[in-house]
Amino acid sequence: MDGLMGLMRRVAVVVACVPVLVLAGCSDDEPSEPVELPSLSPSAVGSASPSPSASESVGVEELPASEVEPEEFVRAWFEAYNELVLTGDGSRLRALSVETCGTCESIVEAYAQVYADGGEISIADGAPPVEVISLETEESEESSERVEVRVVNKANRGSIRQDAAGDSEEFPAETDTWGFFLTTTDGFWRVLEIGIE
């Protein structure tokens, strides 16, 4: 049984294929092709500590990009992702993404379906589903309104019951690297696409 990273990798690599954790049908034997993402080149390394601009009452999606560091925005995305994993509620994750982000929508739909079918996901020891280990920002040579944030993160171990009638299956902890391609939309950061290595 694959863990949360296995699920996410399948969503990001082959968006049309529903993740193996959620529904049967995708196997480890299927060839994977990388998602085509905008070309960005490294020029800056960002700080891993969040900026003091965001307050508890206002989400980073509501603050102008000039007041939010890309790393802070991606950390907020992971908070929304963790909420989605534990509840099936993807409303905040959608608010952090452009409408055309196919990977983002596939992620939301995959987890929402588990809960719609009466399933649930539990993470061991009260840990969050995914924890950020490090972040690094690479700015686009073409536009200051586009950046890539590469994130090393750890999906914690837990279990999933895919529907009301199913048995719980355990999955292990796993560490992976994700690439978040951010763009500004009407002056606000949004996730344009996600690639998982």
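Scanning region 126-162 for residues that are in a loop (DSSP other than H, G, I, E, B), at pLDDT 95 or above and more than 16 Å from the chain's Cα centre (by Cα) turns up Ala127, Arg157.
The residue of region 70-93 that is nearest to the chain's Cα centre (by Cα), among those that are buried (at least 19 other Cβ atoms within 10 Å of the Cβ) and among the β-branched types (Val, Ile, Thr), is Val74. Within region 121-155, being more than 17 Å from Gly179 (Cα to Cα), touching a helix residue (DSSP H, G or I) at 6+ places or on another chain (Cβ under 7 Å) and surrounded by fewer than 20 Cβ atoms within 10 Å (Cβ to Cβ) holds for one residue alone: Pro128.
The values are calculated or read from the model by the stated rules, or taken from the named source; none is laboratory data. It should be emphasised that the depicted structure is a prediction, and the values quoted were computed from it without experimental measurement. So basically every Cβ, Gly included, is an ideal-geometry build from the backbone, and we count neighbours across all protein chains shown.
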